Every structure is written in C-alpha cells, then in structure tokens.
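The values are calculated or read from the model by the stated rules, or taken from the named source; none is laboratory data. Note that the coordinates shown come from a computational prediction; the quantities given were computed from them, not determined experimentally. We place every Cβ from the backbone using ideal geometry, glycine too, and count neighbours over all the protein chains shown. Heavy atoms of the whole protein, side chains included, go into the accessibility calculation; ligands, DNA and RNA do not. Shrake-Rupley method; radii C 1.70, N 1.55, O 1.52, S 1.80 Å.
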Amino acid sequence: MATAVERAFSQPLSPATTPARNSWPILDAQAFLSSSSLTHELARRQISQANEPAERDEAMPFGRGWVPPTYFAEIRHDVGNDTSDTLDQQQGLVSKWRQKERLKTTAVALVLCLNIGVDPPDVIKISPCARLECWIDPLSMQPPKALDTIGKNLQAQYERWQARAKYKMHLDPTVEDVKKLAQGCRRNAKNERVLFHYNGHGVPRPTANGEIWVFNKSYTQYIPMSIYDLQTWVGTPAIYLFDSSAAGLIVNSFKAFAEQRQHEVLAGMANGGPTSGWSGEDPMRECILLAACGANELLPQNPELPADVFTSCLTTPIKVALRWFCNRSLLRNEGLTKDLIDRIPGKQTDRRTPLGELNWIFTAITDTIAWNMLPRALFQKLFRQDLLVASLFRNFLLAERIMRASNCTPVSWPKLPPTHQHPMWHAWDMAAEMCLLQLPSLLESPQPDADFKASPFFAEQLRAFELWLEAGSQRRRPPEQLPIVLQVLLSQVHRARALALLGRFLDLGSWAVDLALSVGIFPYVLKLLQTSSADLRDTLVFIWTKILALDRSCQADLVKDNGARYFVDHLASEEAAEWA
C-alpha cells in the first residue's frame, strides 16, 4: 500500500494543474514519519511549505508561481502497482548485490621447484630463451643465493596486493615439506581462504594421473606428489596458482579428484565419518584455480619475456604490460629500453604520478572488461569479494592477452570467456603509449610528477558515458563505462562530474540503481558521506534517495557508519533552512 507521501508524489505537477499552495492537503504527519525513509524526510521539507500560509509566497525566491520539484513521479518510477517489484522487495531480492560471504585470503603458501642449473628431462630449451624468475636472472649468482632471492622477490610481489596475509615458503621442497606447509597455512587461515602458489619450472611436467613433482631430500630424484593429497592438506576455501608447462592437466585432475572426494564425503557423512573440511555440495564451489597454460601446451621461451611470465603478469602487471607493449609498438625505435621502462617515476598507490595513473587506468579497464563479459554472479564472486582474488583475476586478463600472443592459453576455474580481444585493450594501449612518450623527458626533469601530463582516458570515458545517457534505456545494453565511473569517484578532479552523471543514470529507474549497486558503487558513495564538500551535497543526497528507494536495507549501513549524520547536517544547512 502506498504511503501518503508516495500518493502525494504519484503525479507530476505543472503550473497548469497545480492548485493554490494554501489549498494543498495537509498530510498525516504520523503516517508520513512512520515510513522511516531518508527520502521522505527530505521531501517533508517541501511538503511543509505547502501547509504554511500563502503569505510566505512573497518570501519565496521564485515568486508565487514557482512550482516545487517532484521526484520519483514519472512512469518509470511508478512501481506501487507492480506486483513483481513488490514481491522482489518483500523477498529481499533487491539485496542480491550484497555478498553473503565475504572471504579474504589470510594465508599464502609459496612453493618453488626451480633446481637452478639443472633443466628437467622433458624440456628442450631454445637459445636464447627466457630466464628471468621474479625479475631475477638465476644464472647471475650462485644457485642457493639465486633461489633465496627469487623466493623473497615473489613474496614481496604478493605483499603489494595483500600485505596482511601470513606468508610461508618452501624452496625446492620434498613432499613432506609441502604437506607441513599446506597444513600450517590451513591452521592459520581457519575458515578463510588459503592461496597455494606452485612454480614447477625446474621439474618435469604434471602427469595425466594427477601428480606434480617435487624433490627427494638429496635432490637426486624427482618425486611425484598427488593433487588429491594436496587438496586434503590445503582444504577449502582456497585459490591455487600453477605456473608450469601443461598446467591445464593439473586443473583437469583437480576437478576429477574433487568429484571423487564429493562422493567420499557424502559416503562419510552417511556413516558419520569425518569430511576433511570439504562439503558434500558442489566440490569446486570454494576452489579457484589459475593455470599458466593448457594441458598440451608448453610455457613460452621468448627471451623478451620472463620465464615466469604467468606469475609476473599476476603479480607485477604494469611492468610486464609496458615491456610487452613497447616490444610490439613503434616505440621500440624511439630509444625506449627496458631500463627506462623500469624507471617510470611515481608509486602505484599515488594516482597523481605516472606509475600510479597507469595502475589506476589498468584497474578501471580490467574491471570494465570483466563486468561486461562475465555473468553478474561470477563477477561479484571474483572481483568484489576478496581483494587479493580480485587483483589476481584482473591481472589474469592481462596474462591471457600476453600469453595468447605466444600460443599459450591460460586456464582458470571458474572458467572465464576469452577477453584478449576486447576493445578496451586499445584504450590501455593508448594510455601506455602516451605515458611512455613522456618518459625520456620526465626522467630528465627535476620534478617529473609536476611535468607529467595526465591521460585524458577518464575524461573521454565520462564523455562516452554521457553520450550513452542521452539515449539510454532499459532496453539497450548497459553502459560499459559504469565500472570506470566507479573508479573516477576516487579522483577529486572528475568527482563532481562523475557524480552528476551517475545521478542521471540512477534516475532512469530501479534497474539502473540495481546495475550500479552490482558493479560495486555502494562502498564508494558510502565513503563519500565523510566529505565536507558543499558542491557535492545535493548530488550525493539525490543518489542516496535513489539507493534507499530501491533497497531500504542500506539504512543499516548509514546507521552503522554514522552516515545518517550527513543528511541531518544537509537538512540543517543554510540552503535547506531557506526553504524550511
């Protein structure tokens, strides 16, 4: 049943049909306040004007003929008689954008089987070939020191994405070493996610029987280790990263063993036995797999790429992407070298610097590709649940692009559609080229950050979003720039324009609000309530009325984070006081 306020605003007002202000009905205040919506509270200030004497008309800045604005009054907002929408709200379906389970990766196990100086028997290396492991040439120092340095570099690369996780490492381990490592990580993580990283560049390829290789204690033999045992030790939830030739075989074996384990768990539950941390439901629901190549493929040996190009893409994406792009573009004839590329000024966490801006653009582009290509539920699981998992999958899209150019196809579970030819990669190439063209002069400048010319990428994408809004509707494809608008909210330069465009998009109807929430807009607009900028206030309040009208459960977030104070202050501000 519509409330008094909703009925009052169910029809648009116009000067020709609007009655005199002193004849507007006086609303039942108790019924109004019982609606418990911030949207209604903001509207109350307008309605209270209608119940005051007409003498106040002379004090109104727009005169006696002024008609107050109305909200949620067009046909697209009239959902009061829409049974399906009402049922959706009653059943809580409008909150599907919220993650029921917010796991985080708290323990990381790093296993490197390199055996530096000894090539595995089933690998024939070309000359010259890729050598770098974690950007270290293993032949540039003594093998023990090289192995230790590579291990420390790998851990440092992961710590950039998840600094708070507990890291444990074994270099050239035995089966018993891996068992203790995996079980220790599971104890530390408890019910959170464990990441298991396996580098098998110094051992034979995985077997069709579901085995990967480690060493004996004296390093005189390769010892097979069953994926089934590894599943038992690591438990769930977990994410596995396999960097070796024929890594797709590991994924196939892993899935087969998971199904076998499901039958064993169900049988054990029927008999009252233990389940070893695995549920009897979907055996792969809590497992994420990333593999460097297909079951019948070898890792690329291109000397222009690192030997662990898959790991490098996942942990140092900007460095790999720029090197790969430069080698394939005309810039290689402009004096740009690998050493220059590695000296790009700035920090990845500072968006005002060249390196920070590139990282920011890369995040926006990979998020956009994923949101446009993946089913909504899968996007939420991989890109909005766990910060480390989201970073790895963004970088996995880059790995697919780079490695497919070398006839390798990275494999994942859940399986992703091909994204290596998505048009947004051209936008990344343009941003990379504009940055690299400035690099020689920036490195010679005493203040490179001050002389850096920012990329027009975000301004252009906002313009594309604006063009979509001019003809957008529910019947058209959603705007592909929506994840980029989310990223632009982080920038003070573009924030006001991005919020204004976002407000226009949300005004298209509840479907637009749901899309914005599904892409992850909520934590950003919630954090913006902490800003004191007056020029954003009206737009933010408008955006929040749209969100609360669709999903009233967001009121709890406002109360928990004291966000409701923002609206109280808005109502008490001088601008609001002029209309009170």
Work out from phi, with θ = phi - 60° and the Karplus expression 6.51 cos²θ - 1.76 cosθ + 1.60, the ³J(HN,Hα) of each residue of the range 183-197, listed in order in whole Hz, and give x for Gly and Pro. 5, x, 5, 5, 4, 5, 7, 6, 9, 8, 7, 10, 9, 10, 10
Between Arg343 and Lys217, how many nm apart are label points set 7 Å from Cα along the C-beta direction? 5.0
Here FRET efficiency (C-beta to C-beta, Leu266 to Lys190, R₀ 30 Å, nearest 0.05) is 0.80
Could you check the spin-label model distance between Val118 and Arg131? Points 7 Å from the Cα along Cα→Cβ, value in nm. 2.1
Please list the non-local residues whose amide H lies under 5 Å from the amide H of Cys129, H modeled 1.01 Å from N, same-chain partners needing a gap of 5 or more. none
For the range 483-493, Karplus-derived ³J(HN,Hα) couplings (6.51, -1.76, 1.60; θ = phi - 60°; whole Hz; x for glycine and proline) come out as x, 6, 4, 4, 5, 5, 4, 6, 9, 5, 5
Highest to lowest packing among 201-209, 522-530, scored as the average C-beta count within 10 Å: 201-209, 522-530
Rg/Rh of the range 457-500 (Cα atoms, Kirkwood Rh), to two decimals, equals 0.97
Note down the accessible area of Trp511, probe 1.4 Å, to the nearest 10 Å². 50
Each residue of the range 547-561 in turn: what ³J(HN,Hα) in whole Hz from Karplus with 6.51, -1.76, 1.60 and θ = phi - 60°, glycine and Pro shown as x? 5, 5, 5, 8, 9, 6, 5, 5, 4, 5, 5, 5, 5, 5, 9
Just how much of Phe567 is accessible, in Å², when a 1.4 Å probe is used and the result is rounded to the nearest 10? 10
Gain in length, Ser473 to Gln555, computed as 0.36 nm per residue apart minus the alpha-carbon separation, to one decimal in nm? 26.7 nm
In terms of modelled amide H atoms, which long-range or inter-chain residues lie less than 5 Å from the amide H of Ala295? Gly248, Leu249
Going down the table (Lys166/Lys381; Lys347/Lys453; Lys347/Lys560; Lys152/Lys180), which pairs top 25 Å between alpha carbons? Lys347/Lys560
Can you list residues whose amide H is under 5 Å from Ala107's amide H, if they're 5+ apart or on another chain and H is modeled 1.01 Å from N? Lys166, Leu195
Reduced Cα scattering model of the range 174-234, Debye log10 I(q)/I(0), q = 0.18 Å⁻¹: -0.66
Residues of the range 529-547 with backbone N under 17 Å of the label point set 7 Å from the Cα of Arg565 along Cα→Cβ are 529-534
